[in-house]
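Notes follow the structure.
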């Protein structure tokens, strides 16, 4: 069917629908004039009118739809992918979820500033409450980001980005984010890169940021005094090593740390402290980017009083660009 | 606790329709305490849309010549203004591609981040993204790095000041600056290196491998240890106190050293 006949179909349909509508409206009068004094004729006219209206509407609708679809195809407007649709919903959701938190956090920071200005000694409970509110903010950020990445990982067609990325800047940003939390928990968080001028890598910056964030978040949960982030490189790969001096992971548990939903509390049958998603997401993202994530741990009861620690080592290619040949 | 006056009166243009919110007020306050001069874009009128902010922001950019711009993504609750910040960003970069812009956004990932990047990030543009929930300290740290200019002097707490260009370390007492003559040469180089790392980020330590070039002898690690000890003694003498193992310059688990602000 060409465009001209489609337009005629559309207009014809509209006209028929209009006649049908007119018939329905006029049925009392037409019917009455046909059989004066009796309402018997009203109904058939109305029925016929409705039928004609529906037929006309359907024709016009088909005309509209086909034309609209053709224009869409011509202008190149493609249907959005499932991932884009979910990400869109997710953005709205994350923004709206964040609203109450932004308000609470804002009030908390204002209260803190006011207390600092007046120089009053804050009761212990109040100070603790303010700290708790402040420190839950990064948790919330990580949680929202984790769910977003989880949705994203479901999309098999999505490929990791390959951009020039300042890996040291990413480690520094994560360190900055977790330094206040570490301080609050009495931990010392340090990082360094070797060499100091680390240079650029080619890879997925947001993914790298997210993997390191999850590793550091995990380390800060279990560390007893120290968390270290170390960035190093060879000629072909770079490594991010996240070390903590926590109690360590028993050998029987090591195989499960990357399982979705696994948390150490699960085995101890106590209240869950975390979602168990962080490390699962970390390893899934790493593998998508063509890298590896490994864990080594020395549990507390194995190697004496102060030998316990856990190390996660992330390794990724320095240059993830496809080769020219 | 810490006294950092790094900003040096640099102007920061703040473009956010929620600039009156508590969250933004704490950011503005932090900018001021760190020596920046925030300039808030606040168009007037009864029904403000993203366009009003755009016009005013571009005007202020010309008029005020800020050192950096702090820009939100969302303006108002109109769906059409959902990504208004991105189009403002684009116009800013078109006008001045070297203008550092820090964007408040939750789109650190996903298609909108790509939109933002594609829309604005030409090779030379210096644009960074930060979550709106980030602490004011984090915002200022990022902004400082984005602006990129190293300060002429770095303060350690409110007690010491390092002037790298003039190779001098001062002790500050009652507003007076006194030169610490003992700290020169290698010791000053070490202190510079440590202070620069502290300035970049609080948690950054300087690994031994980096510092050992400022020491000599067969056992460079040992001679480095001696230099650090002498440095701490010299700094301590200037303020008539002794800095312990966990003060001022700390050896972190035999990985390297880092500088921390002295406690009072």
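Results, tabulated for the structure shown:
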quantity	calculated
Residue among A:101, A:105, A:189 that is part of a strand (DSSP E or B), without any contact (Cβ under 8 Å) to a residue 60 or more places away in the chain, touching a helix residue (DSSP H, G or I) at 6+ places or on another chain (Cβ under 7 Å) and facing chain B (nearest Cβ under 9 Å)	A:189
Any hit, the range A:173-180, residues being outside any helix (DSSP H, G or I) and surrounded by fewer than 22 Cβ atoms within 10 Å (Cβ to Cβ)	no
Residue check, residue B:73 buried (at least 19 other Cβ atoms within 10 Å of the Cβ) and within 14 Å of another protein chain (Cβ to nearest Cβ)	yes
Residues of the range A:148-172 classified as touching a strand residue (DSSP E or B) at 6+ places or on another chain (Cβ under 6 Å) and either at pLDDT 90 or above or buried (at least 20 other Cβ atoms within 10 Å of the Cβ) (or both), total	4
So residue B:194, is it out of contact with any helix residue (DSSP H, G or I) (no Cβ under 6 Å at 6 or more places or on another chain), surrounded by 20 or more Cβ atoms within 10 Å (Cβ to Cβ), within 14 Å of another protein chain (Cβ to nearest Cβ) and farther than 30 Å from residue A:110 by Cβ	yes
The listed residue being assigned to a loop (DSSP other than H, G, I, E, B) and either under 24 Å from residue A:227 (Cβ atoms) or in contact (Cβ under 8 Å) with a residue 40 or more places away in the chain (or both), out of B:183, B:190, B:228	B:183
Residue among B:150, B:134 that is within 14 Å of chain A (Cβ to nearest Cβ), modelled with pLDDT under 90, under 30 Å from residue B:19 (Cα atoms) and not in a helix (DSSP H, G or I)	B:134
Criterion: more than 22 Å from residue A:261 (Cβ to Cβ) and either more than 10 Å from chain B (Cβ to nearest Cβ) or part of a helix (DSSP H, G or I) (or both) - qualifying residue of A:139, A:135	A:135
Test: residue in the range B:53-70 that is surrounded by 17 or more Cβ atoms within 10 Å (Cβ to Cβ), within 23 Å of the chain's Cα centre (by Cα), in a loop (DSSP other than H, G, I, E, B) and at pLDDT 90 or above	yes
Among (1) assigned to a helix (DSSP H, G or I); (2) within 9 Å of chain B (Cβ to nearest Cβ); (3) under 21 Å from the mean Cα position of the chain (by Cα), the one test that residue A:161 misses	(1)
Flag for residue A:147 being within 23 Å of residue B:23 (Cβ to Cβ) and either without any contact (Cβ under 8 Å) to a residue 24 or more places away in the chain or in the same structural domain as residue A:218 (by TED's automatic domain parsing) (or both)	no
Yes/no for residue A:249 being at negative phi and within 13 Å of another protein chain (Cβ to nearest Cβ)	no
Residue A:5 being in a helix (DSSP H, G or I), loosely packed, with under 13 Cβ neighbours inside 10 Å and modelled with pLDDT under 80	yes
Residue in the range A:196-209 that is more than 13 Å from chain B (Cβ to nearest Cβ), in contact with a helix residue (DSSP H, G or I) (Cβ under 7 Å, 6 or more places away or on another chain) and in contact (Cβ under 8 Å) with a residue 24 or more places away in the chain present	yes
One residue from B:177, B:241, B:253, B:210 being outside the structural domain of residue B:67 (by TED's automatic domain parsing), more than 30 Å from residue B:102 (Cα to Cα), at pLDDT below 90 and crowded, with 17+ Cβ neighbours inside 10 Å	B:210
Residue within the range A:145-154 that is out of contact with any helix residue (DSSP H, G or I) (no Cβ under 7 Å at 6 or more places or on another chain) and either at the interface with chain B (Cβ under 8 Å from one of its Cβ atoms) or part of a helix (DSSP H, G or I) (or both) present	yes
Verdict on residue A:177 being under 15 Å from residue B:135 (Cβ atoms) and more than 8 Å from chain B (Cβ to nearest Cβ)	no
Number of positions in the range B:231-257 that are in contact (Cβ under 8 Å) with a residue 60 or more places away in the chain and out of contact with any helix residue (DSSP H, G or I) (no Cβ under 7 Å at 6 or more places or on another chain)	3
Enumeration of residues in the range B:20-38 that are outside any helix (DSSP H, G or I) and surrounded by 17 or more Cβ atoms within 10 Å (Cβ to Cβ)	B:21, B:34, B:36, B:38
Breaking point among (1) away from chain B (no Cβ under 14 Å); (2) crowded, with 22+ Cβ neighbours inside 10 Å; (3) under 28 Å from the mean Cα position of the chain (by Cα); (4) under 18 Å from residue A:295 (Cβ atoms), for residue A:256	(2)
Only listed residue being in a loop (DSSP other than H, G, I, E, B), more than 30 Å from residue B:24 (Cα to Cα) and modelled with pLDDT under 80, chosen from A:69, A:78	A:78
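The values are calculated or read from the model by the stated rules, or taken from the named source; none is laboratory data. If you're wondering where the values come from, they're calculated on a predicted model, not measured in any experiment. Cβ atoms come from the backbone with ideal geometry, glycine included; neighbour counts cover every protein chain shown.
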